[in-house]
Structures are given as C-alpha cells and as structure tokens.
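This report refers to the structure that appears directly beneath it.
The values are calculated or read from the model by the stated rules, or taken from the named source; none is laboratory data. Everything numeric in this text was worked out from a predicted model, so none of it was measured. Reconstructed Cβ throughout: ideal geometry from the backbone, glycine too, with neighbour counts over all protein chains shown.
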Amino acid sequence: MDVKRVYEIFKQLNAIPRASHHEERVADFLCKYAESLNLDYDRDKENCVVIRKLATKGYENAEPIVILNHMDMVAVGDGSRPFDPLVDGIDSYVEDGWMKAHGTSLGADNGIGLSMALAVLADDSIVHPALEVLTTTNEEDGMSGAANLSEDFINGRKVINLDSEDYDTITVGAAGAFIQSATIPINMIPSPAGLTFFKVAICGGLGGHSGVDINKRRINAIYEMCRLLFRFRYIVHDTDNQEETLYLSSINGGSANASIPSECVAVVGVLNSDAEEFQLQMNEGFSKIKRKYEGEPNLRMTIEKTDNQSYVVDHEDIALMVRNLPCGVIRMHDKMPNTVMTSNNIGIIRTETNSVVVSCHTRSFDDNEMIDTANKIKSHLLCFGADVQEIMNTPGWQEQKDSPFISMVSSTFRDVLGFEPRPVAMHFVLEAGYYVQKYPGIQIACIGPRIIEPHSVNERVELSTIDNIYAVLIELLKRLAGNE
C-alpha cells in the first residue's frame, strides 16, 4: 500500500483552483490522469468525470464498484493575504500530525477522498472489482453535477463515497437541502445632505460548515449585522417617525452558501446629529453579541468613519428583511439525540448596482418540512419585491443500517482498525439523494478521514486517519472483489 501517492495527488489537486461552478481545469486534470494510465473515461456537459478500470485478473465476475467524490471545494480566505479562489491554489502544510492551509480553507473536503480514489487507479497491486471512479461538480453549491448525470453514466450499484469528515462513523443517511437566491431590486438615490458615513465590519467569527456546525452556536455575521442595524433604526428611534435615520449604502458578507458567514461589512450613513449615538448603540449591541458567542475569542467589530457616499438605498429596509429570516437551528431531531432536524443558513449577502442578493441554504431530514420552510422563506422575500430563484432541491437519503453492504464496510473497519464505526445520519447534504432516485437498487456507504472545520479557514485533516481510511478502502475493495 503506497499511501504517499495519496498525498502527492492531493498536492497536485490543490495547485488547481477548483471553486464550485469553476471546475473545468480540475476536470481536465482528471481526464489527462486517466489518459496517463491508459484508462477509459467519460466527461459530461457538467464536467463530471468517470474513470473506469477493469477488475483485477480473476475477479471479472465481481459486481462493479463505484468510488464517489466531488472535485469542487469551498474556497475561502481569512483576509491575511490576497486570495482569488478562481486563480490561486491552496498552500498546505503539516503541523502536529494535521494538514492545514496558509490563510485559506484546505480542500480536504473532498480532495483527500478524490486523491485516495485516484491513487487506487494508479496502483495495480490492489485487488479490486471493476471500478468506476466518479467525480462530480458543484457538490458544494447546488449539486448540479449529480442532478444532471445521465442514467447510463455509471453501471455499479454499490457506492463507496469518500466524502465524510467523521473518521469513526459510516454515514448512512443525510439531510435534504434547498438553496434559493433572492435578488431584491433597490433604487439608489443621491445621498441627502447632513449625513456622516460609517463602515461597520463584523469579522473574526469561526464560520464553518452550515450543516455540520450549525448547532455549535457560531455567529452568522450577516444575520447579526442586520440585527444591529435594525436595532438602531427601529429601537433607538421612534418607529412612528417617518424621517429616515439610517441610510444603507452597501452590505456584503459571506462567500458560499454552504459556509456559515464569519464576516459582514456594511457602509451606512446616519444623521450628523446621530453620529455619536450610532457608535454608542452599535458598540453596546455588539457587547451583547460577544456575550452570546463567548466561544469565539477572535470575534470583533470595527466602526470607522468613511468618505461620504454619493448614493444610498432609497427606503429599502434590507436589515428588516434579513433579521426576520430563520437563521440557525429551527428544530432538533426527536429520534436522533443531538442531531439537527431542520436548519437554515443565510450564506451570502451582496450589494450590486441595482439590487441586493441574499441566499438561503435550508436543510432537513424531513423533505416536506424542508420544502415548507423554504416556501415560508420565499414568501417572506417576495414581500420585499424579491425575484427568488431555486438553486438546489436535493432529497434526503437513508440506507438500511443492517444491509450486507453496510455490514461488510463495518466489519472491514473492525478487522483493519480494531473498531466498528457508528452508523450515523448527518445534517449535511450528500449527493446520495439524487442517486437513489436515478439509479434503482443503489447502495451507498460514506466514509472518510477526520476533517475538522470544513468550509472554513480553520479546516484541517488528521494525517493518521488518512492512512487508516486508505487501508480500509484497499481491504474493502479486496473483499468486494471476492464477494462474487
């Protein structure tokens, strides 16, 4: 077993920018990789790639196996250095048994799993059935790759998905997901006279995965920024007063639907007579926020006067709209302890020339509850004149925990690593829901190394668990080959 090849491939992958919706170059890499090994492959219009390898001689009658990963990553930076996810690669390093990245997310989700699959293809000493290494696109922000796979793109009906962050578990179920983006039209008017402008920034939050970390009491900087602005406009001042007291020039925060936004920046104008009071009230409000999120030591807010803005938003209360959206855990699961049933993440807010764009990522194990929540969010956004577009509607998925396939995966863990992984259903979204609909009879087991803080600049992967999962994968393929 040559696990060094896994790390070498991962380094190659991280040299290629692979943000969601921009996977052309990594798809090129996968096709060239297949050609270098003289392996058959297909690439579809969504840039999904499947690489096929014939079974080890003597095991041709074994059922074909699919090894599934996605090629995109949530690419975020911490602002410590210039980082363009469409141009720059990831600079990784190793420290105290963990692999991390300098100032950005690492891309271990799902680059490590993909590297394992590609390493298997290159190693002719590994015994395996016929293999289909399937790598999809846009898994992190819409799953359009999986949604648009043709029904004949793969033949296998047993899938080893290497897209898990929990080393000691087998994921056998995942929540469904609904992503929608609202474009709210705004009128920009010349700034009235007598305003003082401030740039307000909330930053330093932990961020994280909007499914895995949604119940860890982490700040959603977009939501809390809008609550602060609302507090000043509607609480500090008499709500019956028709005179504008706060003028929004711009608000921007978040970088990915699947990531809890750790930062948000707003530029606002207030009446000159309110400038001192504004700073006082914002600082007072943020003190309460700091107490609320006491587990985030680097969380901070800055308020600084800035140049007068030429234009402001005319009477559009964006802060009120966002403040009244559900944010975080909506309901806990009543049958799975410590598991979130339904949640919503406000992932992005962005000011454009004539609009403000807001995205919401709703998750639930109950498809009906997910759709109901998403529809309520849409109705709320429509009240503000929004044009709401559905980006993703992915069903949930649940395997039979006692199926022969899951049992084989579990026993392989036990025999190789000395423990049996816990079967779990996770409040993150996997592509499995699409495959269950598209490929009747398919069975899926999701395993992977220990990845901490995916989708954030604190993302890291434990090296020993990479080695161990790779050992499990190789032994599992051998057992599946012999299970004719």
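List pairs: first in the stretch 337-348 and closer than 12 Å to Ala175 by Cα, second surrounded by 22 or more Cβ atoms within 10 Å (Cβ to Cβ) and of a type in the set (Phe, Trp, Tyr), Cβ under 6 Å, 6+ apart or cross-chain?
Within 6 Å, the pairs are Met341/Phe365.
Answer yes or no as to whether Val6 is in contact with a strand residue (DSSP E or B) (Cβ under 9 Å, 6 or more places away or on another chain), among the β-branched types (Val, Ile, Thr) and either not in a loop (DSSP other than H, G, I, E, B) or not assigned by TED's automatic domain parsing to the domain that holds Thr135 (or both).
Spelling it out, it is not the case that Val6 is in contact with a strand residue (DSSP E or B) (Cβ under 9 Å, 6 or more places away or on another chain), among the β-branched types (Val, Ile, Thr) and either not in a loop (DSSP other than H, G, I, E, B) or not assigned by TED's automatic domain parsing to the domain that holds Thr135 (or both).
Looking at (1) surrounded by fewer than 19 Cβ atoms within 10 Å (Cβ to Cβ); (2) within 30 Å of Ile451 (Cα to Cα); (3) modelled with pLDDT under 95, which is the one condition that is false for Ile235?
(2)
Among the residues of the stretch 436-461, write down those that are buried (at least 23 other Cβ atoms within 10 Å of the Cβ) and part of a helix (DSSP H, G or I).
none
Quick test for you: out of Asp372, Asp314, Asp366, Asp387, pick the one residue that is free of Cβ contacts under 8 Å to residues at least 24 places away in the same chain and over 26 Å from Val76 (Cα atoms).
Asp372
For the stretch 16-34, how many residues are surrounded by fewer than 15 Cβ atoms within 10 Å (Cβ to Cβ) and either among the polar types (S, T, N, Q) or not in a helix (DSSP H, G or I) (or both)?
1
Take the residues in the stretch 50-83 that are among the charged types (D, E, K, R) and modelled with pLDDT of 95 or more; name whichever of them is surrounded by the most Cβ atoms within 10 Å (Cβ to Cβ).
For the stretch 50-83, the residue satisfying everything is Asp72.
Among Ser262, Ser250, which is surrounded by 15 or more Cβ atoms within 10 Å (Cβ to Cβ), assigned to a loop (DSSP other than H, G, I, E, B) and assigned by TED's automatic domain parsing to the domain that holds His209?
Ser262
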